[in-house]
1. Look at the range 287-299 and say how many of its residues are open to solvent by 30 Å² or more (accessible area, probe 1.4 Å) and either in contact with a helix residue (DSSP H, G or I) (Cβ under 8 Å, 6 or more places away or on another chain) or hydroxyl-bearing (Ser, Thr, Tyr) (or both).
2. In the range 24-41, what residues are over 12 Å from the mean Cα position of the chain (by Cα) and either open to solvent by 50 Å² or more (accessible area, probe 1.4 Å) or near the ligand (Cβ under 10 Å from one of its atoms) (or both)?
3. Would you mind finding the one in TYR148, TYR144 that is touching a Phe, Trp or Tyr at 6+ places or on another chain (Cβ under 7 Å) and within 12 Å of the ligand (Cβ to nearest atom)?
4. Which of the following residues is more than 15 Å from the ligand (Cβ to nearest atom), over 20 Å from the mean Cα position of the chain (by Cα) and in a loop (DSSP other than H, G, I, E, B): GLU109, GLU96, GLU56?
5. How about the range 125-141: which of its residues are assigned to a helix (DSSP H, G or I) and either under 16 Å from the mean Cα position of the chain (by Cα) or more than 10 Å from the ligand (Cβ to nearest atom) (or both)?
6. When the residues of the range 1-23 are narrowed to those that are closer than 21 Å to ARG67 by Cβ and open to solvent by 20 Å² or more (accessible area, probe 1.4 Å), which ends up farthest from the ligand (Cβ to nearest atom)?
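The values are calculated or read from the model by the stated rules, or taken from the named source; none is laboratory data. Note that this is a predicted model, so its numbers are computed, not measured. Note that each Cβ is placed from the backbone with ideal geometry, even for glycine, and that neighbours are counted across all protein chains shown. Ligands, DNA and RNA are stripped out before the accessible areas are found, and what is left, the full protein with its side chains, is counted by its heavy atoms. Shrake-Rupley method; radii C 1.70, N 1.55, O 1.52, S 1.80 Å.
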Amino acid sequence: MTKNPTILTGIRANSELTLGNFLGALLPMVRLANEYSKKDCHVNIFSPDLHSIISEVDGSLHDNLYRTIKIYLAAGLELNDHIHFYRQSRIPAHSELCWILNCTATMGELNRMTQYKDKSEGKDSVNVGIFDYPVLMAADILLYDATYVPVGEDQFQHLELTRRLAERFNHKYGETFTMPAKPEDQIKFMKTDNGIRIRDLQNPEKKMSKSTPAENSKIMLSDAPTAARKKIMSAITDSVGKIQYDMFNQPGISNLLQIEALVNDAPLQEVISTWAGETHYGDLKQKVAESVATMLEAFQSKIANIQDQTITDLLEAGEAYANEIASTKLLTVQERVGLR
Ligand code: TRP
């Protein structure tokens, strides 16, 4: 009997989301979770809070996590007994497997990680957590035999390392871990090959980023609907004078069409046809501004209506499940390496 693949995703809860993060990453994840949890696949959505403390946290990880989970629920996640939320720090097996994997990973391998190089460059003191980050990530994935791990491209190198460590362990101690899918298969699974990237409103050649200082460049999920409306109205477009989808020559207009489609959950092609032949950019902006404001308003009121207790209960159930799966796997690992 082949087991249905497990899907696992780590959610970083230490920052506010932009409309771009929401439409481009979170919403697709919610749709995947809804689809696959109904097909009898387990979907693990966890907070890598031990990863978060590689840099100073201001004590708000807890509040941010609660808000992030509420965002998932408000975005339409349909809870069922195949969807599990948990915090890495509440499942001791993550740290323990990390140590065991540390004894198979090499300094050379970890030294080659670009994230480590970027984070340590030019510093005279770097904490060991930053160096060991990818091994803990491998433990996060391998404990649950996860096949699909939707991550951004910046994490593919860590995923490759996870695969290498799994293979090494299986080879040395016998089949123990499920091999996560290759990055290219992850992309296919996520169906993101059409490259949804919401752009910076003032600088549409670039992607919308929360770290851009200009407020007008980005819409945050917490923005007041009226403020969001103004930002869309002041979006930079072009002087072509035709409403059409052409990311290369008209990234601003194309971005607005893309936003309109995603916010209304309509196929992009349909939105493009609706506007074909139109020339008034102001009309398009009005429409998109309206769509975004309406969406934010509904979304924010949903969030406000979710009680903290709901999240507490969800985490409690998820952590009971995760502890059971993870500690069973850890036991096998301990036996294989000779600790038991
Ligand atoms: N490193 C991931 C990121 O920065 C977060 C993460 C930690 C993760 N452990 C994971 C993601 C395991 C997927 C699976 O986005």
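1. Let us first name the residues in the range 287-299 that are open to solvent by 30 Å² or more (accessible area, probe 1.4 Å), namely 287, 290, 294-295, 297-298.
Pick out the ones that are also either in contact with a helix residue (DSSP H, G or I) (Cβ under 8 Å, 6 or more places away or on another chain) or hydroxyl-bearing (Ser, Thr, Tyr) (or both) and you get 287, 290, 294-295, 297.
Number of matching residues: 5.
2. Of everything in the range 24-41, those that are over 12 Å from the mean Cα position of the chain (by Cα) and either open to solvent by 50 Å² or more (accessible area, probe 1.4 Å) or near the ligand (Cβ under 10 Å from one of its atoms) (or both) turn out to be ARG31, GLU35, LYS38, LYS39, ASP40.
3. On the way: TYR144 fails: touching a Phe, Trp or Tyr at 6+ places or on another chain (Cβ under 7 Å).
That would be TYR148, the only listed residue that is touching a Phe, Trp or Tyr at 6+ places or on another chain (Cβ under 7 Å) and within 12 Å of the ligand (Cβ to nearest atom).
4. Values: GLU109 fails: in a loop (DSSP other than H, G, I, E, B); GLU96 fails: in a loop (DSSP other than H, G, I, E, B).
Checking each option against the conditions leaves just GLU56.
5. The initial filter retains those residues of the range 125-141 that are assigned to a helix (DSSP H, G or I), namely 128-141.
Those that are assigned to a helix (DSSP H, G or I) and either under 16 Å from the mean Cα position of the chain (by Cα) or more than 10 Å from the ligand (Cβ to nearest atom) (or both): VAL128, GLY129, ILE130, PHE131, ASP132, VAL135, MET137, ASP140, ILE141.
6. Initial filter on the range 1-23 (closer than 21 Å to ARG67 by Cβ): 9-23.
Those left that are additionally open to solvent by 20 Å² or more (accessible area, probe 1.4 Å): 10, 12, 14-17, 21.
Working: GLY10: 3, ARG12: 6, ASN14: 10, SER15: 11, GLU16: 16, LEU17: 13, ASN21: 11 Å.
If we take residues in the range 1-23 being closer than 21 Å to ARG67 by Cβ and open to solvent by 20 Å² or more (accessible area, probe 1.4 Å), then GLU16 is farthest from the ligand (Cβ to nearest atom).
Yes or no, residue by residue, for (1) more than 25 Å from GLU260 (Cβ to Cβ); (2) aliphatic (A, V, I, L, M):
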residue	(1), (2)
ASP154	yes, no
LEU165	yes, yes
GLU175	yes, no
ALA181	yes, yes
ASP185	yes, no
LYS206	no, no
ASN216	no, no
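This table checks each residue for (1) open to solvent by 40 Å² or more (accessible area, probe 1.4 Å); (2) modelled with pLDDT under 95; (3) of a type in the set (Lys, Arg); (4) not in a loop (DSSP other than H, G, I, E, B).
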site: ALA166; (1), (2), (3), (4): no, no, no, yes
site: ASN170; (1), (2), (3), (4): no, no, no, yes
site: GLU175; (1), (2), (3), (4): yes, no, no, no
site: ALA181; (1), (2), (3), (4): no, no, no, no
site: GLY195; (1), (2), (3), (4): yes, yes, no, no
site: GLN202; (1), (2), (3), (4): yes, no, no, no
site: SER209; (1), (2), (3), (4): no, yes, no, no
site: PRO213; (1), (2), (3), (4): yes, yes, no, no
site: ASP223; (1), (2), (3), (4): no, no, no, no
